[in-house]
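The values are calculated or read from the model by the stated rules, or taken from the named source; none is laboratory data. In this text, all values refer to a predicted model and were calculated from it rather than measured experimentally. Cβ sites come from the backbone with ideal geometry, for glycine too, and all protein chains shown count toward neighbours. For accessibility, only protein heavy atoms count, side chains too; no ligands or nucleic acids. Shrake-Rupley method; radii C 1.70, N 1.55, O 1.52, S 1.80 Å.
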Amino acid sequence: MIQYPHDPLNDLFPRLVSALEHGGRLTRAILDYIGATLFDPSPRRLAAFLADDDDSERDSLLDLIFYPDEAFQIHLEPLLAASPVTPEDEAALKRRLLERKIQLTIRLPDKRPLTHLVLPVFIKSQYIERLKLSWQLDGPVAAAIASGVSPARVPMVRVRLRNNGLRVQKRGRQFLCRFFECMPDDEPDYLACLDLVLPLLERARGDADFYDPLVNHKRELFRTLQQARRFETLMRQSNMEMLMLQGVRAPHADSGQLLEQMRLIDRICLGVFGHTETLQLPMEEPQREIADLDDTGAVIRSLWR
């Protein structure tokens, strides 16, 4: 084995090894997934399944079990903030991790041991890649977080940004700085608001005022909400099988989720910009009978009425 007399990451490496050695815990959600997609997850069947090195589905399950959880990432973040990792450091760390033989015990949700295994190389590789250790936070945004976010919240906020891997342009940088300076981080919706804006920032044009993408997204949600409510009206008059035969598709989100997203956008716009755009929400209308449910055109027109 290659020796590393000088290791600039000598605090980070053992934490990664320990996380993997103690990470083989099957959760109730994972067992439910196995039961729904693979087989009845009895302990004997699970142990035999995990012992089969040639089963690709077994590899997919290990990948799910050893996905970095947010609690571990929050644990690492102060170290990464104090000692930033370069791409070269990350590559060296990955080589060391791949060389290290990691033996562990897979445990059931009640902590009972299920089986023992040696962690495959590809699991270690994907684990460290998903941590995005060498991603660096933009300087002005880091300063805005340090000054505008409470110390207890800072690691969680930084992990959200690291997982997104966002590279901000000038306008996005200005918006994020204002977000962290203006939005109270003790509100229950704070992280939900941050999760909402990050993918929008990634798609927004670099030269656009970010107020416009937020409001445009709200308008898109509003249109989808109108369609969802009209679909709900149709469901009270017919059934899903009949509507599917007529070419009507169910919306991808329900009205409650859409309204919540619109509310979060209003909260962000008011907090950061001091104003928002009011849209007249669709009102419940009296049910209209569709005379001929076999008339696809009439059904479609009723959705867009």
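Report yes if some residue within region 29-44 is in contact with a strand residue (DSSP E or B) (Cβ under 9 Å, 6 or more places away or on another chain), open to solvent by 50 Å² or more (accessible area, probe 1.4 Å) and farther than 30 Å from residue 143 by Cα; otherwise report no. For region 29-44, residues in contact with a strand residue (DSSP E or B) (Cβ under 9 Å, 6 or more places away or on another chain), open to solvent by 50 Å² or more (accessible area, probe 1.4 Å) and farther than 30 Å from residue 143 by Cα: present.
Here is a yes/no grid of residues against (1) small (Gly, Ala, Ser); (2) loosely packed, with under 12 Cβ neighbours inside 10 Å; (3) within 30 Å of residue 157 (Cα to Cα):
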| site | (1), (2), (3) |
| --- | --- |
| 13 | no, no, yes |
| 55 | no, no, no |
| 66 | no, no, yes |
| 71 | yes, yes, yes |
| 120 | no, no, no |
| 124 | no, no, yes |
| 131 | no, no, yes |
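Quick grid of which residues meet (1) among the small types (Gly, Ala, Ser); (2) under 21 Å from the mean Cα position of the chain (by Cα); (3) closer than 18 Å to residue 144 by Cβ:
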residue	(1), (2), (3)
162	no, yes, yes
171	no, no, yes
181	no, no, yes
187	no, yes, yes
192	yes, yes, no
197	no, yes, yes
212	no, no, no
215	no, no, no
222	no, no, no
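Rundown of residues vs (1) at pLDDT 95 or above; (2) in contact with a Leu (Cβ under 7 Å, 6 or more places away or on another chain); (3) surrounded by 14 or more Cβ atoms within 10 Å (Cβ to Cβ), yes/no style:
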site	(1), (2), (3)
138	no, no, yes
151	yes, no, no
155	yes, no, yes
161	yes, yes, yes
164	no, yes, yes
167	no, no, no
173	no, no, yes
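Restricted to helices (runs of 4 or more DSSP H) entirely inside region 109-169, those with at least 2 residues that are among the β-branched types (Val, Ile, Thr) and in the same structural domain as residue 23 (by the TED database) are 121-131.
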